[in-house]
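Everything below concerns the one structure shown next.
Nothing in this text is a laboratory measurement; each read-out follows from the coordinates by a stated rule. Since the model is a prediction, treat every value here as computed from it, not as a measurement. Backbone-built Cβ (ideal geometry, glycine too); neighbour counts: all protein chains shown.
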Amino acid sequence: MIIGFTGTRQGMSWLQKQFLRLTLQNICEIGKVNEFHHGGCVGADAEAHQIVRQIVPFTIHVHWPENRKYEARLSGPFVSEGRKPYLVRNEDIVKACDLLIAAPLTDKEQLRSGTWATIRCARRLGKECLILTREQS
């Protein structure tokens, strides 16, 4: 299974981080997970990168943004997938994955949000999508 990730530059809430960690651990227990793809930006991408590095079986693939303004400094081994404009890069992440995990800033869909645009792309391409809410309902 290949997992894609999208999230806000503002970073994940404590609850989203816990949901992500538990989700990834459960997926690893259930079946074979080969890869984790993310966009290489500050905030949620960088936080997810650190969480994934603590869970052994993943090979991390970073789809860098063409615009380096919000690029994260990442450690550890990872595969670089090159640089592309945000929307193209996000679609590449969706196309590469079997499951997209999303950590948006808002729990309600927003039109001017890269995270929500990536979620819409996943839905349009028929990809399974798991949205991690910021707060407990």
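Okay, here's what the table says:
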read-out: Partners for K69 among lysines (Cα-Cα distance below 21 Å; same-chain residues under 8 apart left out); value: K84
read-out: Order by protection proxy (mean Cβ within 10 Å, highest first), peptides 6-18, 38-50; value: 38-50, 6-18
read-out: Residue-averaged [θ]222 nm for the chain, counting only DSSP H segments that reach four residues, each worth -39500 (n - 2.57); value: -11000 deg cm²/dmol
read-out: Integer Hz, Karplus 6.51/-1.76/1.60 couplings in order for the range 17-32, x for Gly and Pro; value: 4, 5, 4, 4, 4, 5, 4, 5, 5, 5, 4, 5, 6, 6, x, 7
read-out: FRET efficiency estimate (nearest 0.05) - Cβ-Cβ, K84 to E128, R0 35 angstrom; value: 0.90
read-out: The chain - Rg over Rh from alpha carbon coordinates, Kirkwood radius; value: 0.92
read-out: Dipole magnitude of the chain, debye to nearest 20 (Cβ charges: Lys/Arg +1, Asp/Glu -1, about Cα centre); value: 320 debye
read-out: Among G114, Q25, G126 the positive-end extreme of the charge dipole of the range 1-132 (Cβ point charges); value: G114
read-out: Amide proton proximity set for H37, modelled H, under 5 Å, gap of 5+; value: I3, G4, F5, H61
